[in-house]
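Undergrad: My questions all concern the structure below.
The values are calculated or read from the model by the stated rules, or taken from the named source; none is laboratory data. Given the structure is predicted, the values throughout are model-derived calculations rather than measurements. A quick note on method: Cβ atoms are made from the backbone with ideal geometry, for glycine too, and the neighbour counts reach across all protein chains shown. Side chains included, ligands, DNA and RNA excluded: accessible areas come from the protein's heavy atoms. Shrake-Rupley method; radii C 1.70, N 1.55, O 1.52, S 1.80 Å.
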Amino acid sequence: QYQHVKFENGVIDFNDLEWETYRLLQQQDHALWVQYKLGQRIRHFLVDEFQDTNPIQWHLLKPLIESSQDQHESQASSLFLVGDIKQSIYRFRGANPELQTLASEWSQKQLNSKLLSNDHSWRSSPAIIDCVNLIFSHASVAKQFCSFQTHSCQHKNQWGFVKIYPLIEIED
């Protein structure tokens, strides 16, 4: 019914925009032409908060990166993905933090990229960093984040506070 109401009113939402763009770049008769034309114009890619990328968004980005790389072999192209899988908060929108690992492995193999990590915070206080280290070093969490490195912070005297509230459970 929701799709029908949108169609009747000639409107689309963000999900439709993602899906139609995906279809344009992947399924339409002119997908390769569109990828080629965009690849000619784009040489540098920067995606911040990559941990919140969903599979459709990655399948939008990947062919553009490939097309750009194919067309700019004589000039340096760049791909810069920034993210922290511990901070992925958009699962309700289909975000899959594992895509960050897959994209990193793909770019290292296909584009000869380098993985850079930063476990040193210039913003957080010792209280926050200590809490992160405690939680993500716990055996049950660590197996989900096999690449977790203990974090450190620059500002040792910065004030901070962490309070963990009990889980709210639904009563029968």
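Undergrad: Could you give me the ³J(HN,Hα) list for the stretch 126-140, computed from phi with Karplus coefficients 6.51, -1.76, 1.60 and θ = phi - 60°, whole Hz, x at Gly and Pro?
TA: Values per residue, Gly and Pro as x: x, 4, 5, 4, 4, 5, 4, 4, 5, 5, 7, 8, 5, 3, 5 Hz.
Undergrad: Please go through the stretch 78-172 and write out the trypsin sites (Lys or Arg not before Pro) that DSSP classes as loop and that have at most 12 other C-beta atoms within 10 Å.
TA: Answer in residue order: Lys114, Arg123, Lys143, Lys156, Lys163.
Undergrad: In the stretch 17-172, carbon and sulfur make up what percent of the accessible area (probe 1.4 Å)?
TA: For the stretch 17-172, the apolar C and S fraction of the accessible surface comes to 54 percent.
Undergrad: Quote the relative contact order of the stretch 8-92 in percent (integer), defining contacts as alpha-carbon pairs under 8 Å separated by 6+ residues.
TA: Computed over the stretch 8-92, the figure is 35 percent.
Undergrad: Follow-up. Using a 10 Å Cβ count of at most 12 others and DSSP loop calls, identify the longest part of the chain lacking such chymotrypsin sites (Phe, Trp or Tyr not before Pro).
TA: By the stated rule (loop sites, at most 12 other Cβ atoms within 10 Å), 1-121.
Undergrad: Sticking with this structure for a sec: Which residue fluctuates most in the GNM of the chain (Cα springs below 10 Å): Ile135, Ile65, Ile89?
TA: Checking each option, the largest mean-square fluctuation is seen for Ile135.
Undergrad: Defining a contact as two alpha carbons under 8 Å apart and six or more residues distant in sequence, what relative contact order in percent does the chain show?
TA: Answer for the chain is 17 percent.
Undergrad: If the elastic network links every pair of Cα atoms under 10 Å, which of Val162, Val82, Val47 fluctuates the most in the Gaussian network model of the chain?
TA: Most flexible of the set in this elastic network: Val162.
Undergrad: Before rounding to the nearest 500, sum -39500 (n - 2.57) across all DSSP H runs of length at least 4 in the chain and divide by the residue total; then give [θ] at 222 nm in deg cm²/dmol.
TA: -14000 deg cm²/dmol
Undergrad: Let me ask another. If you find the alpha carbon centre of the stretch 45-99 and of the stretch 127-172, how far apart are they in angstrom?
TA: With the stretch 45-99 and the stretch 127-172 each reduced to a Cα centre, they are spaced 26 Å.
Undergrad: With only alpha-carbon atoms counted, please give the Rg and Dmax of the chain, in Å.
TA: Rg and Dmax of the chain, Cα atoms, are 20.6, 65 Å.
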